[in-house]
Amino acid sequence: MAVYKVKTTITGVFTSMDLVLDGKDIDLSYDGDHTYASTDLFDLSDKLGLQWAARGLSFQDYTITLAISKRNDDGSFAKPKNFEEDGTIPQGQVAQVHREISPESPDHE
Amino acid sequence: MNNFRAMLIFAALFCQAPFAMCQQSLFESHDGDTSIFLEGTGGVVSTNIGKSDLRLSYLHEIMNKSHLYSWGADVSGSLNGTSSQLLSGVTPAKSALLRISGKKRNIFTEPLDASSPTPSPNDDWVILQVGYERQQIKLLDTSVSPLPSPTSHGFDGYQASLAYNALVKSAHNDFLLGASVGVARTNNVDDLDSVQVTDSQVSVTNGIERRASEDSVAAFVGTYKKFIGVPVNADAIWYPGAFSGRIGIDGFVRSQVAAVHRSAEPGLGVFVCKQGQPARPIGGATVSYKDGKGKVALIAGWNF
């Protein structure tokens, strides 16, 4: 088990959005720059589960970025490793992303 | 030395609409009205060329299936000086407007659940908005001769409105629907014509006239009225899938249903949006019809 700090930023214009990380509902707050963000701590033994869904106009671009930092023994956090995924809200559907992310090599998911 | 004043009116009457302006939404008609309030469009500076307005808005919102309430505020005001003159030449009404909005999502739709295998793409929300506006208006009485100088009038406007919005998606088309009803203390400056009045100071020395100075001021002409209005607005914005979210076509109605100032103004707007950002029009044009007169307005927005 290790503790990880996960800074989530999601850009785009949505009418509704829901994010679950490692089974936890995440409160994404609007930061005034077309971006929703949250920073959370997780105690992980393996992969970080990501479930995200958003409603909005079709063809709306979105980007999901998770900056994942492992907590060191002295309480500080290591340099973050990024998971990033972008896409477009599809016609007639919601946008959905379901991933299992390795916290040590998130860019390889 | 003799000084005398000559009043010249040039720049024939022009409707406020062609160069004549809102809120968290950029989908709006010539007078800034809209019934569409999109989330996530805070942090926008925009201007409606028609009314030479500048707007700053803020949105406080937490996105999650258990957080259904949020709020926002915006401040707007008429541009003065160089920017305004570049756009319209004159600004007969200076104004500042503060609006505060509260929102609740999912009125008739289910909150979005990321773990659901087949969530519905349709969404809806309601907005309650209250606002205060201070205007400084210049009026010119054309019924007396010689023409007097324009007089300044202050106006305090109040407004409260409730809007319902829905996003309805089909396989190849998106529709943004909106309807709002409100109560407002307002005036009829949007219906008045504006003129530019030039005040020349001429001096005569030894029988030779010399122009000493010249000032221009914009003013409204017509019968100025203040009244309690009941605005009812509706919008239906259609995004044809063939344009990949780049074009939104807005059929709208702006109306006043109060008995003393009853009116209806149907119109059609076309908005061009950034690629990949269909909720962010970069510009548009609206055509509307009221009291036998057509109005055309250009609207531009810049995001930062």
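May I ask you to verify whether residue B:197 is buried (at least 20 other Cβ atoms within 10 Å of the Cβ), more than 9 Å from chain A (Cβ to nearest Cβ) and either charged (D, E, K, R) or over 29 Å from residue B:59 (Cα atoms) (or both)? Against the criterion (buried (at least 20 other Cβ atoms within 10 Å of the Cβ), more than 9 Å from chain A (Cβ to nearest Cβ) and either charged (D, E, K, R) or over 29 Å from residue B:59 (Cα atoms) (or both)), residue B:197 qualifies.
Would you pick out the residues in the stretch B:165-181 that are surrounded by fewer than 20 Cβ atoms within 10 Å (Cβ to Cβ) and more than 14 Å from every other protein chain (Cβ to nearest Cβ)? Those that are surrounded by fewer than 20 Cβ atoms within 10 Å (Cβ to Cβ) and more than 14 Å from every other protein chain (Cβ to nearest Cβ): B:179, B:181. The residues of the stretch B:182-194 that are buried (at least 17 other Cβ atoms within 10 Å of the Cβ) and among the charged types (D, E, K, R), listed by number, are B:190, B:191.
Which is within 14 Å of chain A (Cβ to nearest Cβ), of a type outside the set (Ser, Thr, Tyr) and either closer than 28 Å to residue B:282 by Cβ or out of contact with any Leu (no Cβ under 9 Å at 6 or more places or on another chain) (or both), of B:237, B:228?
On inspection, the qualifying residue turns out to be B:237.
Considering the stretch A:36-61, and only residues there that are more than 12 Å from the chain's Cα centre (by Cα), of a type outside the set (Asp, Glu) and in a strand (DSSP E or B), the residue that is surrounded by the most Cβ atoms within 10 Å (Cβ to Cβ) turns out to be A:54.
Does at least one position in the stretch B:74-88 carry a residue that is within 14 Å of chain A (Cβ to nearest Cβ) and modelled with pLDDT of 65 or more? Within the stretch B:74-88, one or more residues are within 14 Å of chain A (Cβ to nearest Cβ) and modelled with pLDDT of 65 or more.
Of the residues in the stretch B:143-155, at least one is buried (at least 16 other Cβ atoms within 10 Å of the Cβ) and either at pLDDT 85 or above or under 18 Å from the mean Cα position of the chain (by Cα) (or both).
For the stretch B:269-297, what are the residues that are within 13 Å of chain A (Cβ to nearest Cβ) and not in a strand (DSSP E or B)? Those that are within 13 Å of chain A (Cβ to nearest Cβ) and not in a strand (DSSP E or B): B:275, B:276. Looking only at the stretch A:12-25, filter to residues that are more than 7 Å from chain B (Cβ to nearest Cβ) and not charged (D, E, K, R); which one of those is surrounded by the most Cβ atoms within 10 Å (Cβ to Cβ)? Applying the filter and picking the extreme gives A:12.
I need a count of the residues in the stretch B:256-292 that are over 26 Å from residue A:15 (Cβ atoms) and under 18 Å from the mean Cα position of the chain (by Cα).
Filtering the stretch B:256-292 for residues over 26 Å from residue A:15 (Cβ atoms) gives B:256-266, B:287-292.
Within this subset, residues satisfying the condition of being under 18 Å from the mean Cα position of the chain (by Cα) are B:256, B:263-266, B:287-290.
Of the residues in the stretch B:256-292, 9 are over 26 Å from residue A:15 (Cβ atoms) and under 18 Å from the mean Cα position of the chain (by Cα).
The values are calculated or read from the model by the stated rules, or taken from the named source; none is laboratory data. Because the structure is predicted, anything quoted here is derived from the model rather than measured. With ideal geometry, Cβ positions are generated from the backbone for all residues, glycine too; neighbour counts draw on all protein chains shown.
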